[in-house]
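Undergrad: Dropping a structure here in structure tokens format, bear with me for questions.
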Amino acid sequence: MKMKKILLMLTAVCLLLALPCSQALAEKPAAIELPPLPDVDITSWEFLYAGPHLGVGRYHPHVGNVENQYMDERCAEATIDFLNAAREQGFEVYMCTAYRNWEYTTFWYEEEMRKYGEFDDEYCHFLPGASYEAAKHGFAAGCSEHSTGLAFDITDESIYWADMNYSNVHDETVADTPVCKWMDKHCAEYGFIVRYPESKKEVYGMACYPGHYRYVGKEAAQYIMDNDLCLEEFLALYGKTIRGVNYVNEYVVKAQ
Ligand SMILES: [Zn+2]
């Protein structure tokens, strides 16, 4: 009898708790009022866009050497400063990917298409009826942000050398490493943003890649990070559309 009473009480409590929750879920979140936009030139090189819907083609920036990888020379120093700042905190950060040119991304795109069974090795072309799954994940040549020379990926060096397999260590687990958490928090100080925040997957339209940082300059980076935006939303606030699509989140209100 006692047990029954307890169960009944528990059910009542659960119902009371669940009701406001489900109601809240059904309601749209309140619009976010943003502070005035930074005075930046959205057509400048820092805002060059690459994504599954729009590539940079055979764009080849002038690059500078950063730890035997390459970055657009205009943000090479900022990259070095950012990496060194993480090291000063005691982290063993390893830059595992930076600039990737057209030829390289073409190679990887074909590799990805092979995985999806959509690439004909004998004749080197995409099979008829291919759904271009790889393209949707940002692997199409020139559509990777690494083609801009403004992005790089990190991992924890101790994990990297222990594993000796880049593809095994640069995955979503990097998000849980202290180095990634520190870099997410401090990237804007060096002009970088967390390019693929987990919560904005639907806006940027591809898989989330933690540990991937993208240069946009300090002012824009601070604004993007402070207001929990992703690059698509930021560009849309300036009226920039990507292949005719305005990626501004309907709950983000442009400050007047
Ligand atoms: Zn990356």
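Undergrad: Among the residues of the stretch 169-201, count how many are away from the ligand (no atom under 13 Å from the Cβ), at pLDDT below 85 and of a type in the set (D, E, K, R).
TA: So the answer is 0.
Undergrad: So if I check each of Ala141, Ala78, Ala134, which one is aliphatic (A, V, I, L, M), buried (at least 17 other Cβ atoms within 10 Å of the Cβ), modelled with pLDDT of 75 or more and touching a helix residue (DSSP H, G or I) at 6+ places or on another chain (Cβ under 8 Å)?
TA: Every option except Ala78 fails the conditions.
Undergrad: Scan Tyr59, Tyr70 and give me the residue that is out of contact with any His (no Cβ under 8 Å at 6 or more places or on another chain) and either of a type in the set (A, V, I, L, M) or surrounded by fewer than 16 Cβ atoms within 10 Å (Cβ to Cβ) (or both).
TA: Every option except Tyr59 fails the conditions.
Undergrad: Right, something else. Considering the stretch 41-66 alone, what residues qualify as being assigned to a loop (DSSP other than H, G, I, E, B), among the hydrophobic types (A, V, I, L, M, F, W, C) and more than 21 Å from the chain's Cα centre (by Cα)?
TA: none
Undergrad: Within the stretch 202-215, restricting attention to residues that are more than 12 Å from the ligand (Cβ to nearest atom) and in contact with a helix residue (DSSP H, G or I) (Cβ under 6 Å, 6 or more places away or on another chain), which residue is modelled with the highest pLDDT?
TA: By that ranking, first place goes to Tyr215.
Undergrad: Consider Gly191 against the criteria (1) in contact (Cβ under 8 Å) with a residue 40 or more places away in the chain; (2) touching an Asp or Glu at 6+ places or on another chain (Cβ under 9 Å); (3) surrounded by fewer than 23 Cβ atoms within 10 Å (Cβ to Cβ): it satisfies all of them except one. Which criterion is unmet?
TA: Failing condition for Gly191: (3).
Undergrad: Take the conditions at pLDDT below 85, surrounded by 18 or more Cβ atoms within 10 Å (Cβ to Cβ) and within 16 Å of the ligand (Cβ to nearest atom) and apply them to Tyr166. Does it pass?
TA: It is false that Tyr166 is at pLDDT below 85, surrounded by 18 or more Cβ atoms within 10 Å (Cβ to Cβ) and within 16 Å of the ligand (Cβ to nearest atom).
The values are calculated or read from the model by the stated rules, or taken from the named source; none is laboratory data. Quick caveat: nothing in here was measured; it's all calculated off a predicted structure. Note that we place each Cβ from the backbone using ideal geometry, even for glycine, and neighbour counts take in every protein chain shown.
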